[in-house]
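Structure record follows, encoded as structure tokens.
The values are calculated or read from the model by the stated rules, or taken from the named source; none is laboratory data. Here the structure is a predicted model, which is why all the values come from computation and not from measurement. Reconstructed Cβ throughout: ideal geometry from the backbone, glycine too, with neighbour counts over all protein chains shown.
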Amino acid sequence: MGITTVIAGAMLVGASPATAQDGFFHSPVFVAQPGAIHPFSAGASTEFNARFVTAIPLSIDRTTLVGIIQWTPFADNGAGGRANAPAFVYGPVVNVLNGKYASFDVDGLFAYGQAATGNSDYTHKFLVEGDVSLKLGGLMNAKSNWNSLSAYAMLAYVVSGLPTGVESRDRMVLLSGLSLPLAPWKK
């Protein structure tokens, strides 16, 4: 049993009292984030990225715990096959700025995903990320849960888990797209 399994289990067990707003974990939010992923490495192509996020606000001010499943369903691995294995990303997100129409978050995330090289198909990575959101729902004055609709741009830097000798720019990835609220759906 790996650390990813233990942490994922703890997130699921810890989320069970999520209905109690005075507990450590608050009610989870589920979001679909279709978009694009663009690595900055030479020769890399921009790909469609499918992401599904579970965000659990914590009683720690401005802090949310996220669990994300993401994959690039149409990505080519360069050898005639597909590089479309899913990745599981998890960790804390800290809101730094939260305005009426935009927000900025800083994340320290762990990723369990497809390995670039080596003996294993999967590997653990640690990355830091800066996220900017434009609150489209607020700009449109939406009255339903569409008020949570937003456009995002996330710049991620992979700190560890890549083969040695990887240059700095090859560690950076830009994700962009829409955040579509799935649940809870407000009445």
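Tabulated results
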item	result
Residue ID - farthest from SER168 (Cα to Cα), chosen from residues in the stretch 60-94 that are in contact with a strand residue (DSSP E or B) (Cβ under 8 Å, 6 or more places away or on another chain) and small (Gly, Ala, Ser)	GLY67
Flag if ALA20 is over 30 Å from LEU97 (Cβ atoms), exposed (fewer than 13 other Cβ atoms within 10 Å of the Cβ) and at pLDDT below 95	no
Criterion violated by ARG169 - all others in (1) modelled with pLDDT under 95; (2) within 18 Å of GLY35 (Cα to Cα) satisfied	(2)
Whichever residue in the stretch 43-77 is small (Gly, Ala, Ser) and assigned to a strand (DSSP E or B) and, among such residues, is surrounded by the fewest Cβ atoms within 10 Å (Cβ to Cβ)	ALA55
Residue in the stretch 167-185 that is loosely packed, with under 13 Cβ neighbours inside 10 Å, in a strand (DSSP E or B) and either touching a helix residue (DSSP H, G or I) at 6+ places or on another chain (Cβ under 9 Å) or touching a residue at least 40 places away in the same chain (Cβ under 8 Å) (or both) present	yes
Residue in the stretch 155-175 that is within 14 Å of the chain's Cα centre (by Cα), over 14 Å from ALA111 (Cα atoms) and among the small types (Gly, Ala, Ser) present	no
